[in-house]
1. Once amide H atoms are placed 1.01 Å from N in the peptide plane, what residues at a sequence separation of 5 or more from R95, or on another chain, have their amide H within under 5 Å of its amide H?
2. Quickly work out the V192-to-H122 label distance, labels modelled 7 Å from Cα along the C-beta direction, and quote it in nm with one decimal.
3. Quick one: dipole size for the chain, taken about the Cα centre, charges +1 on Lys/Arg Cβ and -1 on Asp/Glu Cβ, in debye to the nearest 20.
4. Rank-order 147-154, 111-118, 207-214 by packing density, defined as the average count of other C-beta atoms within 10 Å over each peptide's residues, highest first.
5. Please work out how much length the chain gains when fully extended from R37 to E216, using 0.36 nm per residue of separation minus the C-alpha to C-alpha distance, in nm with one decimal.
6. Could you grab the relative contact order for the chain? Cα pairs under 8 Å, six or more apart, rounded to a whole percent.
7. C168: net charge of surrounding residues, Cβ under 14 Å, Lys/Arg +1, Asp/Glu -1, itself excluded?
8. Search the structure for amide H atoms under 5 Å from the amide H of H137, placed 1.01 Å from N in the peptide plane, and list their residues when 5 or more places away or on another chain.
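FYI, it's all coordinate maths here, none of it is from the lab. Please read these numbers as outputs of a predicted model, since none were measured by experiment. Glycine also receives a Cβ, built like all others from the backbone with ideal geometry; neighbour counts cover every protein chain displayed.
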Amino acid sequence: MATETVSLPHRRPRALWTLPGVYAPQADTRLLGRALRAERPLDGADVLDIGTGSGALAVLAARMGARVAATDVSWRAVLTARANAARQRQRVRVRRGDLAGERGGRTFDVVVTNPPYVPAPHAPPSGGAARAWDAGHDGRHVVDRLCADAPALLRPTGVLLMVHSGLCGVEASLRRLRAGGLAAEVVARDHVPFGPVLHRRLPWLRARGLVGPADEYEELVVIRAERT
């Protein structure tokens, strides 16, 4: 079982557990966590974490005083998130589901999501660890669905926080969210060295023009979209 220390407010950081095959907190998780902290106060807010993985962001939102629901398509991720919430003594309702899952028409003050976004030379996988990052030829297999679903998930003045790579089209996400009536902007950026997955795909990514011949870093962005 892998562990990674994640900074959480007001208490000494504690290690989060991840079962094999579950996406462990990485640079995109930390960038999204910083954006979530900027949404203070969350006391009493209803927060939905879509694609919760380890549950790191769900636990953070709970620590900030929110009522938190979380979903993931992976049973291993669901079990991991439940275990981490219990270990951190935070109340998080975690269900297995595709995207928002069976939300029953509920709406939320904040929706936070770290979806699969890595462009791949093959169709999105139906199972396995790669389901957490592979997202089709343009990297938008899940991102586009989230952009379409976001307006129905948010209450008036509700906020979507979504992290993804610059490789899958930041402007495309902004256009789709704005077309749905949301006020959308990039609120955080980071540049991180290519990880193992992108290194293996560099010839394919360069052939498609997604990565330049001298590029060594991937841009990550957090998009904030508000229902006005």
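1. Under 5 Å from the amide H of R95 lie the amide H atoms of A70, T71, D72, each far enough along the sequence or on another chain.
2. Reported label-point gap for H122 and V192 is 2.3 nm.
3. Here the size comes out at about 800 debye.
4. Going by the mean number of other Cβ atoms within 10 Å, highest first, we get 111-118, 147-154, 207-214.
5. 61.5 nm
6. Normalised by residue count, the contact order of the chain is 17 percent.
7. Local net charge: -1.
8. When sequence neighbours closer than 5 places are left aside, the close amide H contacts are A120.
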